[in-house]
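Down below is the structure, laid out as structure tokens.
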Amino acid sequence: MNSLQVKALIAGIFWGLWPLLMNRGGMNGNASSVLFALIALIFVAPFSWGTWGNMADVKWPLVIGAGVLGAIGLLFFNSMLAKAPKESVGALFVVMIVTQTAMPTIYDIFVNDGHASPSKIAGFVLAAASAVFLLKS
């Protein structure tokens, strides 16, 4: 396993855990989104000093768009977490993860002139099937 795969694995562990803790935190969705973003900013900021590079080369519309999409997703996700009973969080999380996993492939299909290979179609079918199996009691 190379270092990028290890980082992806660790990110998956932490991104898999924080929503479970947030669900038990007892806050409403919007407040938990603000506090999550603030705490993440405070924790991440020290690691960013000196790494900004040439800001003139930044594609600002894409960066702003990514931030807006992420913020909207965070608001919806934390709203779901705040309202979900602890018994339902796992199932709702599976729905979100399967959808999130499909998004890069959908993007790839659009980038490649709408061509979906048989393996990608099979991947979508298997992802949907895995969600169904994971959601069953």
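The values are calculated or read from the model by the stated rules, or taken from the named source; none is laboratory data. Computed from a prediction, not measured in an experiment: that's the story for all the values here. Cβ: placed from backbone, ideal geometry, glycine included. Neighbour counts: every protein chain shown. Accessible surface areas use protein heavy atoms only, side chains included; no ligands, DNA or RNA. Shrake-Rupley method; radii C 1.70, N 1.55, O 1.52, S 1.80 Å.
Structure summary
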{"read-out": "Prolate/oblate/rounded label for the range 65-134 (Cα gyration tensor, a/c 1.5)", "value": "oblate"}
{"read-out": "Unit charges at the beta carbon, dipole of the chain: most positive-side option, 38, 27, 78", "value": "27"}
{"read-out": "Formal net charge of residues neighbouring residue 20 (Cβ-Cβ distance under 13 Å; K, R +1; D, E -1)", "value": "+1"}
{"read-out": "Between the range 8-28 and the range 86-114, the Cα center-to-center distance that results, in Å", "value": "17"}
{"read-out": "Heavy atoms of residue 27 accessible to a 1.4 Å probe, total area in Å² rounded to 10", "value": "70"}
{"read-out": "Computed [θ] at 222 nm, deg cm²/dmol, the chain (DSSP H ≥ 4; -39,500 (n - 2.57); rounded to nearest 500)", "value": "-27000 deg cm²/dmol"}
{"read-out": "Entry for semi-axes √(5λ) of the Cα gyration tensor in Å (calculated from the structure that is shown) out of (1) 22, 20, 13; (2) 27, 25, 15; (3) 45, 29, 8", "value": "(2)"}
{"read-out": "Lysines with Cα under 27 Å of residue 7, excluding same-chain neighbours fewer than 8 positions away", "value": "59, 120"}
{"read-out": "Sparse-neighbour loop sites [trypsin sites (Lys or Arg not before Pro); the range 46-137; at most 14 other C-beta within 10 Å; DSSP]", "value": "59, 86, 136"}
{"read-out": "Solvent-accessible area of residue 64 with every protein chain in place, 1.4 Å probe, in Å² to the nearest 10", "value": "100"}
{"read-out": "Along the chain, longest interval not containing exposed chymotrypsin sites (Phe, Trp or Tyr not before Pro), exposed being DSSP loop plus at most 15 other Cβ atoms within 10 Å", "value": "53-137"}
